[in-house]
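The block underneath contains the structure these notes are about, expressed in structure tokens.
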Amino acid sequence: MPPSHYGDTSLNWLRVNHGQVVDGSGRKVLLRGFNVDALVSYPKSPPAPLDEMDASLMQRAGFDVVRLGIDWAQLEPVRGRFDQAYLDRVGGAVAMLNRHGLYVVLDMHFRLGWSSDSATPARPGGPPSTRRTGIRCRSTPGVRPHTAAIASDLYFWLFSDWKADFYRAWQAVATRFKDNAGVAGYDIFNEAHPLPIPPRIFEKSYLWPMFKDAIEAIGAVDRTTCHCRRHPVAHHRTVVAPLKAPNVVYGAHLYEGSLIPPFFTGDPTFLRSRFRSASRKRRRCRRRSGSASSVTT
């Protein structure tokens with residue numbers, strides 16, 4: 001096992017070129033990733049902290065990128081006010097990982113109803129809550145918590161005001177990290193849930209337009225860092241739309257074999273077929289848009 005190199009590790013800027021992630025010299029880069037949720041709020045099961053030993057172990061094991069989850073709730077606890085202390089926490093984690101030669105992909109992490117103290121459901125025709133969907137979800141008199149979560153989530157997709165807030169939140173993150181070559185990408189929205197909108201309608205009419213608008217908003221601040229489009233996993237026959245933008249990376253969550261049957265038996269044939277399927281989708285996007293590469297995590 002190679003020794004860990006601690007210090008001011010210099011990381012090259014990454015970009016997308018002809019369907020591949022490459023460094024400043026044009027050399028193809030294969031990113032081997034590790035997920036970290038230390039900065040995400042899970043009230044019922046707080047995640048373990050991230051420290052130097054973790055970074056050292058990841059580096060020693062051969063990883064070169066960390067997908068670091070961040071919270072919109074903690075980033076913007078009050079509408080229109082971004083918490084610089086939380087951004088400092090994110091910045092500290094990024095700096096530590098970069099020192100160990102690890103790139104970071106910042107992932108705005110969502111899980112329906114995942115936070116503790118939260119948004120009342122949106123009221124049709126009424127003003128939105130100051131705490132938006134995907135941030136928090138609490139009980140409201142007469143409304144079951146899960147129902148409130150779905151209502152808030154639906155409001156996000158159907159109306160523009162919360163999405164505009166979301167784009168501004170990403171711009172605050174991009175402003176902080178736009179000059180850091182060690183931030184390899186922005187993972188815009190983790191595993192968007194379609195319900196109660198039918199999945200294919202959701203993806204075509206809501207999900208991909210949101211990605212397009214988010215990439216444009218982030219690009220107004222930072223055009224050098226890769227933008228990751230996270231492929232939803234709610235169903236198999238998903239709609240994948242091309243986006244004409246620089247440095248766009250298509251990322252697929254392939255849960256078949258683990259969370260989705262048939263379950264993995266040790267035979268790699270099935271997994272190879274799923275990776276080939278994802279690669280075909282990526283190639284179709286690239287031919288139509290001329291910009292996307294693929295990364296699977």
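Structure notes:
- Conditions (1) modelled with pLDDT under 85; (2) open to solvent by 20 Å² or more (accessible area, probe 1.4 Å); number of the one not met by Arg229: (2)
- Within the set Ala184, Ala220, the sole residue that is open to solvent by less than 60 Å² (accessible area, probe 1.4 Å), out of contact with any His (no Cβ under 8 Å at 6 or more places or on another chain) and either at pLDDT 95 or above or among the small types (Gly, Ala, Ser) (or both) turns out to be Ala184.
- Here the condition is being aliphatic (A, V, I, L, M) and at pLDDT 90 or above; of Leu154, Leu102, it holds for Leu102 alone.
- Restricting attention to region 194-213, the residues being open to solvent by 20 Å² or more (accessible area, probe 1.4 Å) and farther than 16 Å from Ser152 by Cβ number 9.
- In region 76-96 there is at least one residue that is touching a Phe, Trp or Tyr at 6+ places or on another chain (Cβ under 6 Å), open to solvent by less than 20 Å² (accessible area, probe 1.4 Å) and either hydrophobic (A, V, I, L, M, F, W, C) or in a loop (DSSP other than H, G, I, E, B) (or both).
- Subset of region 60-75 [surrounded by fewer than 22 Cβ atoms within 10 Å (Cβ to Cβ) and either free of Cβ contacts under 8 Å to residues at least 12 places away in the same chain or farther than 21 Å from Tyr42 by Cβ (or both)]: Arg60, Ala61, Gly62, Phe63, Asp64
- Residues satisfying the stated conditions in region 243-259, i.e. modelled with pLDDT under 75 and open to solvent by less than 40 Å² (accessible area, probe 1.4 Å): Ala252, His253, Glu256, Gly257
The values are calculated or read from the model by the stated rules, or taken from the named source; none is laboratory data. Since this is a predicted model, take the numbers as computed values, not measurements. Cβ coordinates were reconstructed from backbone atoms using ideal geometry, including for glycine residues, and neighbour counts include every protein chain displayed. When the accessible area is computed, the model is the full protein with side chains, heavy atoms only, and any ligands, DNA or RNA have been set aside. Shrake-Rupley method; radii C 1.70, N 1.55, O 1.52, S 1.80 Å.
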